[in-house]
Amino acid sequence: MMELLRDLWGFMKARKKFWLAPIIIVMLLLGTLIVLSQGSAVAPFIYTLF
């Protein structure tokens, strides 16, 4: 996982594509939120957002 992040950072740094960082962070946060809420009582409320 760390190697993937290191490669991604190297790509953004070399190609000057720093605008990708907020998109990637938001996608990781949303993915984490969905995974963590799978078995909880909060799941129905999370799915109404999407």
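The values are calculated or read from the model by the stated rules, or taken from the named source; none is laboratory data. Values in this document were obtained by computation on a predicted structure and should not be read as measured data. Glycine gets a Cβ as well: all are built from the backbone with ideal geometry, and neighbour counts include every protein chain shown.
Residues of the stretch 41-50 that are surrounded by 11 or more Cβ atoms within 10 Å (Cβ to Cβ) and either under 21 Å from LEU4 (Cα atoms) or among the β-branched types (Val, Ile, Thr) (or both): VAL42, ILE46. Pairing residues of the stretch 15-40 that are farther than 15 Å from LEU5 by Cα with residues that are hydrophobic (A, V, I, L, M, F, W, C) and in a helix (DSSP H, G or I), at Cβ distances under 8 Å and at least 6 apart in sequence or on separate chains, gives LEU33/ILE46; ILE34/ILE46; SER37/ALA43; SER37/ILE46. Scan the stretch 20-34 and give yes if some residue there is modelled with pLDDT under 90, surrounded by fewer than 10 Cβ atoms within 10 Å (Cβ to Cβ) and not basic (Lys, Arg), otherwise no. So far as the stretch 20-34 goes, no, none of its residues is modelled with pLDDT under 90, surrounded by fewer than 10 Cβ atoms within 10 Å (Cβ to Cβ) and not basic (Lys, Arg).
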